[in-house]
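Note sheet for the following structure.
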Amino acid sequence: MKYLIQTLLAYLSISVIAACTSQSPAAVIKTNENTTTVQLVVSTNEKPKPIQQFLNEDKVNSLQVEGGLPSNEKLNPFRKEEVKGTKVISKVMGWLNSSEIVDGETNWGKHGYPNILSFYLNSGQIAVVEPAYKCDIKKDDKGYGTKRCTPANGEIVFNYESKHFRLESPELYDWLQGGWMKEN
């Protein structure tokens, strides 16, 4: 009777784990005179999340940080035919294509002088990355509104072929805020 209870408890444990993890467990139950051993193997049918490719790296000829304050000095474009440019383009494209889409506005008007990143494509088209903003509109008792926007830390907006994606990309956001100046 004792072994039957141990075996039933083992099966119950497996069922609970399967329900909690939403995965299909496989179990091996071994019993001997004094103990019951349960070896639980949980496998998952989940496939790795595919990387969203917002822009194919092969399409990019060069990229350049633009905008910002008029007095700020900008680096020359990073070109694919240069070793340094190839490394920077590859790094930036990795950040862009590993970004995740998040909810939020993608068009809020101009606020200050943000740096933007322009991707110059082989086709002559331009794709742009800019910092994302969180905007609040407050209305007074007369119905007049005041809009206040602040940068959304770690979020960017990617604009390409009239499509606008708000993305979470802390690395690309930080690079656009000033990390690009450290590229040698």
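The values are calculated or read from the model by the stated rules, or taken from the named source; none is laboratory data. Since this is a predicted model, take the numbers as computed values, not measurements. For neighbour counting, all protein chains shown are included, and Cβ atoms are generated from backbone atoms with ideal geometry for every residue, glycine included. Areas reflect the complete protein model, heavy atoms only, side chains present, ligands, DNA and RNA absent. Shrake-Rupley method; radii C 1.70, N 1.55, O 1.52, S 1.80 Å.
For region 146-176, enumerate the residues that are open to solvent by 40 Å² or more (accessible area, probe 1.4 Å) and of a type outside the set (Lys, Arg).
Those that are open to solvent by 40 Å² or more (accessible area, probe 1.4 Å) and of a type outside the set (Lys, Arg): 146, 150, 151, 153, 161, 162, 164, 165, 168, 170, 171, 174.
What are the pairs, 6+ residues apart or on separate chains, where a residue within region 157-184 that is at pLDDT below 90 has its Cβ under 6 Å from a residue that is outside any strand (DSSP E or B) and of a type in the set (Val, Ile, Thr)?
183/88
Could you please find all residues in region 122-168 being among the acidic types (Asp, Glu) and touching a Ser or Thr at 6+ places or on another chain (Cβ under 9 Å)?
136, 140, 155, 168
Filter region 101-129 for residues that are touching a residue at least 40 places away in the same chain (Cβ under 8 Å) and closer than 17 Å to residue 175 by Cβ and give the result.
Correct list: 114, 115, 116, 117, 118, 119, 127, 129.
I'd like the full set of residues that are among the acidic types (Asp, Glu) and either in a helix (DSSP H, G or I) or open to solvent by 70 Å² or more (accessible area, probe 1.4 Å) (or both), limited to region 86-145.
Listed by number, the residues that qualify are 100, 103, 105, 136, 140, 141.
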